[in-house]
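So the structure is just underneath, and the comments pick up after that.
The values are calculated or read from the model by the stated rules, or taken from the named source; none is laboratory data. It should be emphasised that the depicted structure is a prediction, and the values quoted were computed from it without experimental measurement. All Cβ positions, even for glycine, are placed from backbone atoms using ideal geometry, and neighbour counts span all protein chains on display.
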Amino acid sequence: MSKKREYNYFDAFVRMSDYACQGAEMLHETLRTFDPYTLPKKLDEIHKIEHEADICKHEMMNKLTVEFIAPIEREDIINLAQEIDDVVDAVEDVLMRIYMYNIKSIRAEALEFTEVIVNCCKTLKVALQELYNFKKSDTIHSKIVEVNHAEEVGDKLYLDAVHSLYLEEKDPIVVMAWTETLDRLEKCCDNCEDVANVIESVIMKNT
């Protein structure tokens, strides 16, 4: 009989990060080709991605409860899975806010944000692909730095975008809607940095 294939946590992290990439790319494309009438359909599509990420996380947690020996500390597996899942949730949350607040047109700053978020998610995926072999990896540390830098770019973008919003927009409802939406976009960048920080912590603990 062939030996049962062991569950691979590192592969699962990569799968979860791929869902984050899918969600971020869908968000960016939805805003780039924005049509408010298609938003319900887009929300269904991005929710399916979020649901698949949840399934992947729950599968990981179920495996962890019966695992005799885990490849890294259990707490780190739980934290990393949750942080990646938070990225997927945050990306979906942006599109939900645009729908809830009945936003009819997309500000240029929002597209700048989604480009940053897409790049962050792609960079995290590369870092997670290297995590299993972090002691020999030539790229994982540079990817963590890239995400940290992107979060700083997001902070500056948020500052400037909110300033421009309050300077240019006179409709208080539009101001409220976009203030909340920009806040959610900035949160996506923060969540990506949280993932990078957990990856860095795992490396530090195991070096």
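Tabulated data for the structure shown
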| read-out | value |
| --- | --- |
| Identity of the residue in region 158-184, in a helix (DSSP H, G or I) and under 10 Å from ARG107 (Cβ atoms), that ends up farthest from the chain's Cα centre (by Cα) | GLU168 |
| Counted residues, region 29-86 - those being at pLDDT 95 or above, outside any helix (DSSP H, G or I) and surrounded by fewer than 17 Cβ atoms within 10 Å (Cβ to Cβ) | 2 |
| Pairs with Cβ under 8 Å, 6+ apart, first in region 107-131 and farther than 21 Å from THR179 by Cβ and in contact (Cβ under 8 Å) with a residue 12 or more places away in the chain, second in a helix (DSSP H, G or I) and basic (Lys, Arg) | THR123/LYS143; LEU124/LYS143; VAL126/LYS143; ALA127/LYS143; GLU130/LYS143 |
| LYS136, sole failed condition from (1) under 30 Å from PRO71 (Cα atoms); (2) of a type in the set (D, E, K, R); (3) modelled with pLDDT of 95 or more | (3) |
| Number of the exception - TYR9 against (1) crowded, with 20+ Cβ neighbours inside 10 Å; (2) within 30 Å of SER105 (Cα to Cα); (3) more than 16 Å from the chain's Cα centre (by Cα) | (2) |
| Options LYS156, LYS187: the member that is out of contact with any strand residue (DSSP E or B) (no Cβ under 7 Å at 6 or more places or on another chain), without any contact (Cβ under 8 Å) to a residue 12 or more places away in the chain, among the charged types (D, E, K, R) and within 28 Å of MET26 (Cβ to Cβ) | LYS156 |
| Qualifying residue in region 106-118 (condition: crowded, with 21+ Cβ neighbours inside 10 Å and among the hydroxyl-bearing types (Ser, Thr, Tyr)) | yes |
| Considering residues of region 131-149 that are within 19 Å of LEU80 (Cα to Cα) and under 18 Å from the mean Cα position of the chain (by Cα) only, the residue surrounded by the fewest Cβ atoms within 10 Å (Cβ to Cβ) | VAL145 |
| Which numbered condition LEU111 fails, given (1) over 13 Å from the mean Cα position of the chain (by Cα); (2) in a helix (DSSP H, G or I); (3) over 21 Å from LEU43 (Cβ atoms); (4) not aromatic (Phe, Trp, Tyr) | (3) |
| ARG15 being touching a residue at least 24 places away in the same chain (Cβ under 8 Å), closer than 30 Å to LYS104 by Cα and either surrounded by 14 or more Cβ atoms within 10 Å (Cβ to Cβ) or more than 17 Å from the chain's Cα centre (by Cα) (or both) | no |
